[in-house]
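Accompanying notes for the structure given below.
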Amino acid sequence: MQIVERIEPLRMALAEPRSRSVRIALVPTMGALHEGHLALVDRARARAGCVVMSVFVNPLQFGPNEDFARYPRNREGDARAAEARGVDFLFAPQPDEIYRPGRAVSVLPTALASRWEGASRPGHFAGVLTVVAKLFNIVQPDVAVFGQKDIQQAALVRALVRDLDFPIQIIVAPTVREHDGVALSSRNAYLSAPDRKRARVLSRAIFAMRDAFDQGERSTASLEALGNAVVGAEPEVHLEYLAVMDPDTLEPRALASTGAIVAIAARIGNTRLIDNVILGIPADAA
């Protein structure tokens, strides 16, 4: 594996496999790698002969009161994990390599970003889409792999590719979970032992809604009431949203159907976590 910190050397390095018509896959991450990230590498490797992973804690997607300064960083551990999993190029730039002085252009999302995560984190998705567009231009991959846990981000990246005509296939890989159902997240490292136990309620709530759907319930109001009741059993978990939404528009739905998303966000202590499931579709179907 080659570790590359600057844009031009990465482009030069990728010219060789590209000259041989080797398909190139990109796995964008913010590092603090865990099995969820590494499962994305497996998906990428199945679809391409060359895998590029980026590790970049993107300052543009953090609000002024968010956790940019303390976001987990483990450069050496990330490099070992990426190499062991078969990454060919680890792109690990510094912020001033990605955002040069005098930067004047950003990618601004439209209504798709206004709800849910967009409402809770103003400006977040502009930062996400700006850095993703830059990574797409730097790497010029044939395929890029994202995780389902960040389902709204994945929907916006698909819109970015469609609306700006990037010739890139977007793969959304299923969420990887701990044995107790908690979705793997770099932010899980913030949780105290008691809060880690409380975090199980997020997956319990959305799994209860999924199971009710599988048993025939279609009323969004009934499904959301069920999920709210599960979360309500953990008074130290502060719910931000729990909703059934359309997979394309992310708008709320009155009736649930196969493919609809159940998404949740909550704060546990000082840590904000998100999770989701897709109704009527096996978790490993992506």
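The values are calculated or read from the model by the stated rules, or taken from the named source; none is laboratory data. If you're wondering where the values come from, they're calculated on a predicted model, not measured in any experiment. Ideal geometry is used to build each Cβ from the backbone, glycine not excepted, and the neighbour counts take in all protein chains shown.
When segment 145-175 is filtered for residues that are among the small types (Gly, Ala, Ser) and touching a residue at least 60 places away in the same chain (Cβ under 8 Å), the ones remaining, listed by number, are GLY147, ALA155, ALA173. Criterion applied to ARG218, ARG267, ARG210 was being touching a strand residue (DSSP E or B) at 6+ places or on another chain (Cβ under 8 Å), modelled with pLDDT of 95 or more, of a type in the set (Lys, Arg) and crowded, with 17+ Cβ neighbours inside 10 Å, and the one residue passing it is ARG210.
Does ALA32 fit the bill of being outside any helix (DSSP H, G or I) and surrounded by 18 or more Cβ atoms within 10 Å (Cβ to Cβ)? Judged against the criteria, ALA32 is a match.
Scan segment 109-136 for residues that are over 18 Å from the mean Cα position of the chain (by Cα) and part of a loop (DSSP other than H, G, I, E, B) and jot them down.
Going residue by residue through segment 109-136, those that are over 18 Å from the mean Cα position of the chain (by Cα) are 110-111.
The one that is over 18 Å from the mean Cα position of the chain (by Cα) and part of a loop (DSSP other than H, G, I, E, B): THR110.
Residue-wise test of (1) under 28 Å from ARG75 (Cβ atoms); (2) touching a Lys or Arg at 6+ places or on another chain (Cβ under 6 Å); (3) part of a helix (DSSP H, G or I).
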| residue | (1), (2), (3) |
| --- | --- |
| ARG162 | no, no, yes |
| PHE166 | no, no, no |
| ILE171 | yes, yes, no |
| THR175 | yes, yes, no |
| ARG187 | yes, no, yes |
| ARG204 | no, no, yes |
| PHE207 | no, no, yes |
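All of VAL139, VAL128, VAL107 fail the test of being modelled with pLDDT of 95 or more, more than 15 Å from GLY63 (Cβ to Cβ) and either crowded, with 22+ Cβ neighbours inside 10 Å or among the small types (Gly, Ala, Ser) (or both), apart from VAL139. Residue count for segment 209-236, restricted to those that are in contact (Cβ under 8 Å) with a residue 12 or more places away in the chain and not in a helix (DSSP H, G or I): 6.
Taking segment 76-104 as the range and being at pLDDT below 95 and either on the phi < 0 side of the Ramachandran plot or of a type in the set (Lys, Arg) (or both) as the test, the residues that pass are ARG100, PRO101, ARG103, ALA104.
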